[in-house]
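Data block below; observations after.
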Amino acid sequence: MNVIETKLKGCFILEPRIIGDSRGYFFESYNQASFAELTGHQVNFVQDNQSFSSRGVIRGLHAQAGEFAQAKLVRVLQGEVVDVAVDARPDSPTFGQHVAVHLSAENKKQLFVPRGFLHGFVVLSEVAEFFYKCDNFYKKDAEWGVIFNDETLGIDWGIDAEELIISEKDQILPTFNKAIAALKTT
């Protein structure tokens, strides 16, 4: 496995070593010992999630606060997405910065999103099946988020705004600055 640290400390792109022949292919998608050795992160994943979405669907930007924060290892089983991680750790030198990575069933790349980051993705293909491992259980009361088109973040989602499909919940999320300020008061 090839591991590339992004410009955001602790956030990694993982490229698997694919073994293929006339029958198809095989690859190891996760190995706890290798992951820890290559990234320096000891992570105990406790929950797997999967979603299916059509072209233009944005899911995010979401996170969980405090003791319920989650690290995620994400990948695409079918289709293609632009996957976004935003550093929301106030003491980080890359606070407020983001990375956007193309993940697809074809390239089989994964993105490790550490605790303290916002996460989201948009579907570029007709449909996409998205899979992610989490190192903490979901807690609805700890959930927070930021509006996908926040101007201070300046995320290029790689798709025309007219094509976007956004849940009601995600349409009313606050800006990055308002969300961070609200977290500081809780």
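Note on the stretch 81-183: no enclosed strands (runs of 3 or more DSSP E) hold 3 or more residues that are among the basic types (Lys, Arg) and closer than 28 Å to GLN42 by Cα.
Can you pull out the residues in the stretch 17-63 that are in a loop (DSSP other than H, G, I, E, B) and either touching a Pro at 6+ places or on another chain (Cβ under 8 Å) or among the hydrophobic types (A, V, I, L, M, F, W, C) (or both)? Steps first, please.
The first filter runs over the stretch 17-63 and keeps only residues in a loop (DSSP other than H, G, I, E, B), leaving 17-18, 22-23, 27-31, 40-46, 55-56.
Once the filter is applied, which keeps residues that are in a loop (DSSP other than H, G, I, E, B) and either touching a Pro at 6+ places or on another chain (Cβ under 8 Å) or among the hydrophobic types (A, V, I, L, M, F, W, C) (or both), the stretch 17-63 yields ILE18, PHE27, GLU28, SER29, HIS41, VAL43, PHE45, VAL46.
The residues on offer are GLY145, GLY154, and the sole one that is touching a strand residue (DSSP E or B) at 6+ places or on another chain (Cβ under 7 Å), more than 23 Å from GLU126 (Cα to Cα) and not aliphatic (A, V, I, L, M) is GLY145. Here ILE13 meets the list (1) more than 30 Å from ALA161 (Cα to Cα); (2) touching a Ser or Thr at 6+ places or on another chain (Cβ under 7 Å) almost entirely, failing just condition (1).
Yes/no matrix, rows are residues, columns are (1) crowded, with 23+ Cβ neighbours inside 10 Å; (2) out of contact with any helix residue (DSSP H, G or I) (no Cβ under 9 Å at 6 or more places or on another chain):
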| site | (1), (2) |
| --- | --- |
| GLY56 | no, no |
| GLU67 | no, no |
| ALA88 | yes, no |
| ASN107 | no, yes |
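Is it the case, given these coordinates, that LEU73 is surrounded by 15 or more Cβ atoms within 10 Å (Cβ to Cβ), within 20 Å of ASP170 (Cβ to Cβ) and out of contact with any helix residue (DSSP H, G or I) (no Cβ under 7 Å at 6 or more places or on another chain)? Answer is no for this residue.
Coordinate-derived values only; no laboratory data. Keep in mind the model is a prediction, meaning the values are calculated, not measured. We place every Cβ from the backbone using ideal geometry, glycine too, and count neighbours over all the protein chains shown.
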